[in-house]
Amino acid sequence: MKKLVIASNNPGKLREIGQLLAPLGIEAVPQSEFGVPEADEPHCTFIENALAKARHASHHAGLPALADDSGICVAALGGEPGVRSARYAGEPPAGSPRGRDSQDARNNRKLLAMLANASGRNAHYYCVIVLVRHARDPEPLIAEGRWHGEVIDTPRGTNGFGYDPYFYLPEFGRTAAELSPEEKNAISHRGQALAALTARLRAVHGAW
Ligand code: IMP
């Protein structure tokens, strides 16, 4: 079994990635097991941030590494929040809750405020996943996924995370937060990117 370090501390992502890589004889190990410190994400493109995270994890763990970067892009806002999705509303004010849920709530409030006078609600989630064999790998494997929907004003559903309760899918008549985890993984930006990466990995497996 080959080992691969995953440059994420998100338990949901780690489980999903581990399940997809196991049939390829690859064991996905979270970066926390190697004490990898959080990487900076200073770039203005998803791919640059994903590569920075993967190279960082590979450097610290001394293993091949996989990283993803994702966000929601709203056409009427020129692609915002984009790479700033996780921290769209900025850091929490002093004394207020700092957890993931409160950050999500503040991000969603800001998104709706920005959309109040916008010309449209079309949006897509984007995800890119990269795999490097070593920290300076000149030929990373790269796969991406896009998931189109609309931002609505009233939240619906309790599954998922982040912007999901406001991300409406007209063809399903539901938001992303009203899909089961299995339904979401089968069609989401991250699910698409992971499926494409797995296909690429099968094709070049000998080189890995
Ligand atoms: P990261 O890829 O973990 O850096 O996540 C970027 C941010 O984009 C998250 O913190 C969420 O705000 C948003 N995001 C990415 N994927 C999703 C998703 O599947 N649902 C809801 N929000 C998402």
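The values are calculated or read from the model by the stated rules, or taken from the named source; none is laboratory data. Just so it is clear, the structure is predicted and the values come from calculations on it, not from any experiment. Note that we place each Cβ from the backbone using ideal geometry, even for glycine, and neighbour counts take in every protein chain shown. Each accessible area value is taken on the protein alone, full model and side chains, heavy atoms only, with ligands, DNA and RNA left out. Shrake-Rupley method; radii C 1.70, N 1.55, O 1.52, S 1.80 Å.
When the residues of the range 156-168 are filtered to those that are free of Cβ contacts under 8 Å to residues at least 40 places away in the same chain and open to solvent by 60 Å² or more (accessible area, probe 1.4 Å), which remaining residue is nearest to E48 (Cα to Cα)?
Going through the qualifying residues, I end up with N159.
Among the residues of the range 66-84, is any farther than 30 Å from L201 by Cβ, of a type outside the set (D, E, K, R) and in a loop (DSSP other than H, G, I, E, B)?
yes
Is the range 121-143 home to any residue that is of a type in the set (D, E), within 14 Å of the ligand (Cβ to nearest atom) and open to solvent by 70 Å² or more (accessible area, probe 1.4 Å)?
no
Going by the structure shown, is G157 more than 16 Å from the chain's Cα centre (by Cα), at positive phi and within 13 Å of the ligand (Cβ to nearest atom)?
yes
Return the residue satisfying two criteria in turn: it lies in the range 169-184 and is in contact (Cβ under 8 Å) with a residue 12 or more places away in the chain and open to solvent by 50 Å² or more (accessible area, probe 1.4 Å), and of such residues it is farthest from K110 (Cα to Cα).
Taking the candidates together, the pick is P181.
Given the criteria within 13 Å of the ligand (Cβ to nearest atom), at negative phi and open to solvent by 60 Å² or more (accessible area, probe 1.4 Å), does D101 qualify?
When the stated conditions are applied, D101 passes them.
All but one of (1) of a type outside the set (A, V, I, L, M); (2) open to solvent by 20 Å² or more (accessible area, probe 1.4 Å); (3) within 14 Å of the ligand (Cβ to nearest atom); (4) on the phi < 0 side of the Ramachandran plot hold for N107; which doesn't?
The one condition N107 does not meet is (2).
Going by what's in this entry, would A54 be described as within 13 Å of the ligand (Cβ to nearest atom) and out of contact with any helix residue (DSSP H, G or I) (no Cβ under 6 Å at 6 or more places or on another chain)?
Answer is yes for this residue.
Which pairs turn up if I take residues in the range 132-155 that are closer than 22 Å to G173 by Cβ and of a type in the set (G, A, S) and look for partners that are open to solvent by 60 Å² or more (accessible area, probe 1.4 Å) and in a strand (DSSP E or B) with beta carbon separation below 9 Å, at least 6 apart in sequence or on another chain?
Note: pairs meeting the criteria are G149/N122.
Please state which of the following conditions L115 fails to meet, knowing it meets all the rest: (1) within 14 Å of the ligand (Cβ to nearest atom); (2) at negative phi.
(1)
Name the single residue that is nearest to A86 (Cα to Cα) among those in the range 31-74 being surrounded by fewer than 18 Cβ atoms within 10 Å (Cβ to Cβ) and among the β-branched types (V, I, T).
My answer is T45.
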